[in-house]
Ligand SMILES: [Zn+2]
């Protein structure tokens, strides 16, 4: 990339550093909502009311991902 002056280049570098920092940031755990992510049943901990919901939801997310790729 060519920049007409140093200020533009510094700004671009700063922007790139921010993007790298964001990309490398550890992903926050899925937020605890108090509800099963799949059937929305009220739960006291975790993200699903039971293992079956977790499996079904993971399958659903996987299927959505496959669709968006295809
Ligand atoms: Zn559930």
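Only the coordinates and a few stated rules stand behind these numbers; no lab work does. Given the structure is predicted, the values throughout are model-derived calculations rather than measurements.
Of note:
- Helical runs assigned H by DSSP (4 residues or longer) give the chain a calculated mean residue ellipticity at 222 nm of -18500 deg cm²/dmol, each run adding -39500 (n - 2.57) before division by the residue total.
- Taking 0.36 nm per residue of separation and subtracting the Cα-Cα distance, full extension of the segment from residue 62 to residue 24 would add 11.4 nm.
- Under the Debye formula (equal points on every Cα, no solvent term), log10 I(q)/I(0) of the chain at q = 0.17, 0.23, 0.26, 0.27 Å⁻¹: -0.77, -0.99, -1.05, -1.07
- Angle in degrees between helix 6-24 and the longest Cα principal axis of the chain, rounded to the nearest 10: 20 degrees
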